[in-house]
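The block underneath contains the structure these notes are about, expressed in structure tokens.
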């Protein structure tokens, strides 16, 4: 993310291995990692803009 005005709130990913790798690389907190089964907290957060990152699909 190149914009200092953006803050990564959540990463939604089905693969726990990918979540772990992304968390380590980007130094994310555990509460930012979300499995699609629990994505309601992401979509209910009014401060969230949902976007897709091709990085996770590699």
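Observations, loosely collected:
- Residue pairs whose Cβ atoms lie under 6 Å apart, separated by 6 or more positions or on different chains, with the first residue in the stretch 23-46 and over 12 Å from residue 8 (Cα atoms) and the second loosely packed, with under 11 Cβ neighbours inside 10 Å, are 36/14.
- Selection status of residue 28, part of a loop (DSSP other than H, G, I, E, B) and modelled with pLDDT of 85 or more: yes
- The set of residues in the stretch 4-22 that are out of contact with any strand residue (DSSP E or B) (no Cβ under 6 Å at 6 or more places or on another chain) and either in a helix (DSSP H, G or I) or under 14 Å from residue 38 (Cα atoms) (or both) comprises 13, 14, 15, 16, 17, 18, 20, 21.
- Residues satisfying the criterion are present in the stretch 40-55 (criterion: modelled with pLDDT of 85 or more and within 10 Å of the chain's Cα centre (by Cα)).
The values are calculated or read from the model by the stated rules, or taken from the named source; none is laboratory data. Fair warning: this is a prediction, and the values are worked out from it, not measured in the lab. Using ideal geometry, Cβ is built from the backbone for each residue, glycine included, and neighbour counts are taken over all protein chains shown.
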